[in-house]
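This report concerns only the one structure given below.
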Amino acid sequence: MQQLFLFTTVAILIIFQPELRRLLAELGNLPIFSSEEDSPLDVEAIVQAANQLSRKRVGSIVAIERTVDIYQETKSGVLIDCALTPEMLDSIFFPNSPLHDGGVVIRGDRIMYASCIFPLTRRIDINNTLGTRHRAAIGLTEETDAAVLIVSEERKEISLSYRWQLIRGKNEDIRKDL
């Protein structure tokens with residue numbers, strides 16, 4: 001009976017590891033454990049940048065951090081820690097920029113990291129027409145509570161991924177969902 005209990009406990013920890021990690025991360029980010037004040041998110045700067053990038057057919061992926069710190073998912077990124085402005089996002093995603101590959105992480109009114117490689121989703125029910133940016137956006141929202149904005153360079157389409165879901169064609173109503 002003891003061996004069965006030990007085996008079951010280990011099996012549960014292995015099977016539910018991603019969910020347990022997410023739960024512990026969310027518990028660690030509760031306000032009672034945090035002492036710093038968060039800056040408000042500058043939605044207008046993100047919307048302006050997404051619309052500019054879409055018009056220019058420049059692809060981008062922008063992760064907006066919520067309560068869970070997504071540093072563990074962005075260890076490959078370059079620390080930027082600069083003001084969030086449409087011009088800065090535009091220059092980061094400019095095709096000849098050394099930081100244009102990968103994604104950007106936004107925390108409050110700051111761009112924290114650029115050139116981040118986000119985890120791809122492992123789901124097999126994803127539409128085959130979706131590219132790596134969309135799969136990375138869904139993958140990051142599976143691991144964290146971040147909202148991820150994607151601009152498709154092929155279709156000039158703006159999409160939003162949040163809580164495992166991908167909402168395509170957000171060109172007109174981005175503001176209300178961020």
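The values are calculated or read from the model by the stated rules, or taken from the named source; none is laboratory data. Keep in mind the model is a prediction, meaning the values are calculated, not measured. Using ideal geometry, Cβ is built from the backbone for each residue, glycine included, and neighbour counts are taken over all protein chains shown. Note: areas computed on protein heavy atoms with side chains; ligands, DNA, RNA excluded. Shrake-Rupley method; radii C 1.70, N 1.55, O 1.52, S 1.80 Å.
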Exercise. Has region 136-154 got at least one residue that is out of contact with any strand residue (DSSP E or B) (no Cβ under 7 Å at 6 or more places or on another chain), open to solvent by 70 Å² or more (accessible area, probe 1.4 Å), part of a loop (DSSP other than H, G, I, E, B) and modelled with pLDDT under 85?
Worked result: no
Exercise. Within region 73-87, is there a residue that is more than 18 Å from the chain's Cα centre (by Cα) and basic (K, R)?
Worked result: no
Seminar exercise, completed: The number of residues in region 100-135 that are in a loop (DSSP other than H, G, I, E, B), under 12 Å from Y71 (Cα atoms) and aliphatic (A, V, I, L, M) is 1
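Of the residues I70, I32, only one is at pLDDT below 90 and loosely packed, with under 15 Cβ neighbours inside 10 Å; which?
Of the residues listed, the single one that is at pLDDT below 90 and loosely packed, with under 15 Cβ neighbours inside 10 Å is I32.
Kindly indicate whether any position in region 38-50 is of a type in the set (D, E, K, R), surrounded by 11 or more Cβ atoms within 10 Å (Cβ to Cβ), modelled with pLDDT of 90 or more and part of a helix (DSSP H, G or I).
Start the filter on region 38-50 by keeping residues that are of a type in the set (D, E, K, R), which leaves 38, 42, 44.
Narrowing the set further to residues that are surrounded by 11 or more Cβ atoms within 10 Å (Cβ to Cβ) leaves 38, 42, 44.
This time we only want the ones that are modelled with pLDDT of 90 or more, so: none.
No, every residue in region 38-50 fails to be of a type in the set (D, E, K, R), surrounded by 11 or more Cβ atoms within 10 Å (Cβ to Cβ), modelled with pLDDT of 90 or more and part of a helix (DSSP H, G or I).
Confirm whether S97 is of a type outside the set (A, V, I, L, M, F, W, C), free of Cβ contacts under 8 Å to residues at least 12 places away in the same chain and part of a helix (DSSP H, G or I). Talk me through it step by step, then tell me what you get.
On the way: of a type outside the set (A, V, I, L, M, F, W, C): yes; free of Cβ contacts under 8 Å to residues at least 12 places away in the same chain: yes; part of a helix (DSSP H, G or I): no.
It is false that S97 is of a type outside the set (A, V, I, L, M, F, W, C), free of Cβ contacts under 8 Å to residues at least 12 places away in the same chain and part of a helix (DSSP H, G or I).
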